[in-house]
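Chemist: Structure provided below as structure tokens; questions to follow.
The values are calculated or read from the model by the stated rules, or taken from the named source; none is laboratory data. Being a predicted model, the structure only gives us computed values, none of them experimental. When we count neighbours, we look across all protein chains shown, and the Cβ atoms used for this are built from the backbone with ideal geometry, even at glycine. These area figures cover heavy atoms from the full protein model, side chains too; ligands, DNA and RNA do not enter into them. Shrake-Rupley method; radii C 1.70, N 1.55, O 1.52, S 1.80 Å.
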Amino acid sequence: MDANQARLLIVDDDPRYLRSLEVLLRTNAYVVETAGSVAEAIERLSSGHFALVVLDLNMPGANGVELLSHLAGDDRNIKTIVVSGESSPEAITPVLRGGANDYLVKPIPPSKLLASIGALLERKGLEDDNRRMQQRIEDSDKLQRYIVNQSADVIYKLDDSGHFTYVNYKLPD
């Protein structure tokens, strides 16, 4: 996925950290929006298309895990990077099991964050392409079945044992 087309949402309750990530990502040609809370992030996500969310785990009110749960039910394939000061396996494991695509421990070297974003956007692009191709295949298969089933002739398929695996039928007019 092209960085110039990718919209990123940064969610963090620390305005200075939020601003520093915003500047870093804009400097690297990303389209960036910010949210200072989970509630604000959910609002922004509902009103726009985002490719990736960079999410602080610990925030007052609702925490980042709640936003991950919200995104888990979303079919837009939004990638997530959780950032936190917590580095223990007890903190990281549930977040990754909850749907985060990456977990980075603060302070994060800019090169590491940019590498993670680049890799996840590339993965998203490949997955989105795969979904589109799968949909085209399904559409083509439906059309082919429709055409075959409209034939006045009997069309069938046998397996190696001579058993019918397919027999067309004419759809009623």
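Chemist: Does the stretch 146-160 include one or more residues that are under 27 Å from Leu45 (Cβ atoms) and either open to solvent by 80 Å² or more (accessible area, probe 1.4 Å) or in contact (Cβ under 8 Å) with a residue 40 or more places away in the chain (or both)? It would help to see each step written out before you state the result.
Modeler: Taking the stretch 146-160 and keeping what is under 27 Å from Leu45 (Cβ atoms), we get none.
No: zero hits.
Chemist: Restricting to the stretch 93-120, name every residue that is among the polar types (S, T, N, Q) and under 17 Å from Asp12 (Cβ atoms). Please lay out each step first, then the result.
Modeler: Keep residues of the stretch 93-120 that are among the polar types (S, T, N, Q), which gives 93, 101, 111, 116.
Ser116 - this is the single residue of the stretch 93-120 that is among the polar types (S, T, N, Q) and under 17 Å from Asp12 (Cβ atoms).
One line per residue, one yes/no per condition, for (1) open to solvent by less than 60 Å² (accessible area, probe 1.4 Å); (2) touching a Pro at 6+ places or on another chain (Cβ under 9 Å); (3) modelled with pLDDT of 95 or more; (4) part of a helix (DSSP H, G or I):
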position: Ala29; (1), (2), (3), (4): yes, no, no, no
position: Ala39; (1), (2), (3), (4): no, no, no, yes
position: His49; (1), (2), (3), (4): no, no, no, no
position: Val54; (1), (2), (3), (4): yes, no, yes, no
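For every residue, the table says whether it meets (1) more than 22 Å from Val82 (Cα to Cα); (2) among the charged types (D, E, K, R).
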{"residue": "Leu104", "(1), (2)": "no, no"}
{"residue": "Ile108", "(1), (2)": "no, no"}
{"residue": "Lys112", "(1), (2)": "no, yes"}
{"residue": "Lys124", "(1), (2)": "no, yes"}
{"residue": "Arg131", "(1), (2)": "yes, yes"}
{"residue": "Arg136", "(1), (2)": "yes, yes"}
{"residue": "Leu143", "(1), (2)": "yes, no"}
{"residue": "Phe164", "(1), (2)": "yes, no"}
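Chemist: Let me ask you something else. Somewhere in the stretch 82-89, is a residue outside any loop (DSSP other than H, G, I, E, B), open to solvent by 60 Å² or more (accessible area, probe 1.4 Å), over 28 Å from Arg26 (Cβ atoms) and free of Cβ contacts under 8 Å to residues at least 60 places away in the same chain? Reasoning before the result, please.
Modeler: Taking the stretch 82-89 first, the residues outside any loop (DSSP other than H, G, I, E, B) are 82-84, 89.
Subsequent filtering for residues that are open to solvent by 60 Å² or more (accessible area, probe 1.4 Å) retains 89.
Still in the running and over 28 Å from Arg26 (Cβ atoms): 89.
The next check asks that each one be free of Cβ contacts under 8 Å to residues at least 60 places away in the same chain; those that pass are 89.
Yes, the conditions are met somewhere in the stretch 82-89.
Chemist: Output the residues belonging to the stretch 109-162 that are closer than 30 Å to Ser20 by Cα and among the hydroxyl-bearing types (Ser, Thr, Tyr).
Modeler: Of everything in the stretch 109-162, those that are closer than 30 Å to Ser20 by Cα and among the hydroxyl-bearing types (Ser, Thr, Tyr) turn out to be Ser111, Ser116.
Chemist: Go through (1) open to solvent by 40 Å² or more (accessible area, probe 1.4 Å); (2) assigned to a strand (DSSP E or B); (3) among the aliphatic types (A, V, I, L, M) and name the single condition Leu104 misses.
Modeler: Failing condition for Leu104: (1).
Chemist: Right, something else. Quick check on this structure: which one of Leu68, Leu18 is open to solvent by less than 10 Å² (accessible area, probe 1.4 Å), touching a Ser or Thr at 6+ places or on another chain (Cβ under 8 Å) and either farther than 21 Å from Ser111 by Cβ or in a helix (DSSP H, G or I) (or both)? Show your work before the answer.
Modeler: Working: Leu18 fails: open to solvent by less than 10 Å² (accessible area, probe 1.4 Å).
Residue meeting the stated conditions: Leu68.
Chemist: With the structure loaded, tell me whether Pro94 is surrounded by 11 or more Cβ atoms within 10 Å (Cβ to Cβ), more than 28 Å from Gln5 (Cα to Cα) and out of contact with any strand residue (DSSP E or B) (no Cβ under 9 Å at 6 or more places or on another chain) or whether it fails that test. Steps first, answer last, please.
Modeler: Values: surrounded by 11 or more Cβ atoms within 10 Å (Cβ to Cβ): yes; more than 28 Å from Gln5 (Cα to Cα): yes; out of contact with any strand residue (DSSP E or B) (no Cβ under 9 Å at 6 or more places or on another chain): yes.
Answer is yes for this residue.
Chemist: Then there is this: Please identify the pairs in which a residue from the stretch 115-141 that is closer than 30 Å to Tyr103 by Cα and assigned to a helix (DSSP H, G or I) has its Cβ atom under 7 Å from the Cβ atom of a residue that is open to solvent by 60 Å² or more (accessible area, probe 1.4 Å) and hydrophobic (A, V, I, L, M, F, W, C), counting only partners at least 6 apart or on another chain.
Modeler: Pairs found: Leu121/Met1; Glu122/Met1; Lys124/Met1; Gly125/Met1.
Chemist: For Glu90, all conditions in the list (1) within 30 Å of Ile10 (Cβ to Cβ); (2) within 21 Å of the chain's Cα centre (by Cα) hold save one; what is the number of the exception?
Modeler: (2)
Chemist: Open to solvent by less than 60 Å² (accessible area, probe 1.4 Å), at pLDDT 90 or above and not hydrophobic (A, V, I, L, M, F, W, C), is that true of Ser111? Explain how you work it out, then say what you get.
Modeler: Details: open to solvent by less than 60 Å² (accessible area, probe 1.4 Å): no; at pLDDT 90 or above: yes; not hydrophobic (A, V, I, L, M, F, W, C): yes.
When the stated conditions are applied, Ser111 does not pass them.
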